[in-house]
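J.: Questions regarding the structure given below will be posed in turn.
The values are calculated or read from the model by the stated rules, or taken from the named source; none is laboratory data. Owing to the predicted nature of the structure, the values given are computational and were not obtained by experimental measurement. Virtual Cβ from ideal backbone geometry, glycine too; neighbours counted across all protein chains shown. With ligands, DNA and RNA removed, areas are computed over all heavy atoms of the protein, side chains included. Shrake-Rupley method; radii C 1.70, N 1.55, O 1.52, S 1.80 Å.
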Amino acid sequence: VTRLPVWRRHPRRLAAAAAAAAAVIIAAVVALSLGGRTSTQLAVAIPLHATTAAKAFGVGGASGQATARQADQSWTFTLNVHGLKPLPGNDFYECWWVTPGHTRLLATGGSFVVGNSGSTTVTMTTGVDPTQQFTRMEITAESPSKGGGLNGPVLLIS
């Protein structure tokens, strides 16, 4: 009597082995496509202190803290500021990401206002990576009549 080949004697075992091999291959492909990313998010604390211009502006005791958290390709940061004064009319405070060095490149982080307490907490999202090119944060007082851009005095700086 001639015995059947192994693959014909145990078809269920063969199917189970093939399914297990496929699961391992799929898991490897998914792991490689994620690039080895883990669920741990990178967080960066950014302390802010008043500049000499802040003293002239009347907010010399202002301070702040930003906490930036990486969220895939963007960053979400929570900005807490204290000691600023409410601005008149439609004026507002602007958060900027700045490159260090002689050639300053700017990217806006967003704008905000403060109430009578002089404090606020805002959450903003940006594509700027605070650990790479744009490593400094600056807070300025801006006016819509100035046409955008960094035109106001830098009050807080990291």
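J.: Excluding Ile46 itself, calculate the net charge of residues whose Cβ lies under 12 Å from the Cβ of Ile46, where each Lys or Arg counts +1 and each Asp or Glu counts -1.
T.: +1
J.: Please compute P(r) over all alpha-carbon pairs of segment 45-115, binned at 10 Å starting from zero, and give each bin as a whole-number percent.
T.: 16, 46, 32, 6, 0
J.: Assuming R0 = 41 Å, can you tell me the calculated FRET efficiency for the pair Thr99 and Ala21, based on Cβ-Cβ distance, to the nearest 0.05?
T.: Rounded to the nearest 0.05, the efficiency is 0.25.
J.: Report the full-extension gain for the segment Leu42 to Gln133: residue separation times 0.36 nm, less the Cα-Cα distance, to one decimal in nm.
T.: Working: separation 91, 0.36 × 91 = 32.76 nm, distance 1.62 nm.
Computed gain between Leu42 and Gln133 is 31.1 nm.
J.: With θ taken as phi - 60° and the coefficients 6.51, -1.76 and 1.60, list the Karplus ³J(HN,Hα) couplings across segment 59-70 in order, rounded to whole Hz; mark glycine and proline as x.
T.: 10, x, x, 5, 8, x, 8, 10, 10, 9, 10, 6
J.: Turning to a different aspect of this structure: With every protein chain kept in place and ligands, DNA and RNA left out, what is the accessible area per residue of segment 73-117? Probe 1.4 Å, answer in Å².
T.: Counting only protein heavy atoms, the per-residue value for segment 73-117 is 53 Å².
J.: Something else about it: Could you tell me whether segment 106-158 comes out rounded, prolate or oblate from its Cα gyration tensor? Rule is a ≥ b ≥ c as square roots of the eigenvalues, rounded for a/c under 1.5, then prolate if a/b exceeds b/c, otherwise oblate.
T.: Oblate, because a/c is 1.5 or more while a/b does not exceed b/c.
J.: Within 10 Å, Cβ to Cβ, of Ala62, how many net charges do the neighbouring residues add up to if Lys/Arg are +1 and Asp/Glu are -1? Provide the component values of the computation, followed by the final result.
T.: Values: positive: Lys55, Lys85; negative: none.
Here the charged neighbours net out to +2.
J.: Further question: Which parts of segment 108-132 would a label at Asp72 reach, counting a residue when its backbone N lies under 14 Å from a point 7 Å out along Cα-to-Cβ?
T.: 126-127
J.: Given the Cα-Cα distance of Ser143 and Ala56 and 0.36 nm per residue of separation, how much length would full extension add, in nm?
T.: Contour length minus the Cα-Cα distance gives 29.6 nm.
J.: Label points 7 Å out from Cα along the Cβ direction at Leu106 and Lys85: separation in nm?
T.: The two pseudo-label positions are separated by 2.2 nm.
J.: Mind listing the long-range amide H neighbours of Asp129? Cut-off is under 5 Å, sequence gap 5 or more, other chains count too, H placed in the peptide plane at 1.01 Å from N.
T.: Under 5 Å from the amide H of Asp129: Phe134.
J.: What does the charge count around Leu155 come to, taking other residues whose C-beta lies under 11 Å from its C-beta (Lys +1, Arg +1, Asp -1, Glu -1)? Please report the intermediate quantities before stating the final value.
T.: Numbers: positive: Lys55, Lys85; negative: Glu94, Glu138, Glu142.
Around Leu155, the surrounding residues sum to -1.
J.: Taking amide H positions as placed 1.01 Å from N in the peptide plane, with prolines and chain starts having none, which residues 5 or more places from Leu87, or on another chain, fall under 5 Å of its amide H?
T.: Residues meeting the criterion, in which the H sits 1.01 Å from N, are Val114.
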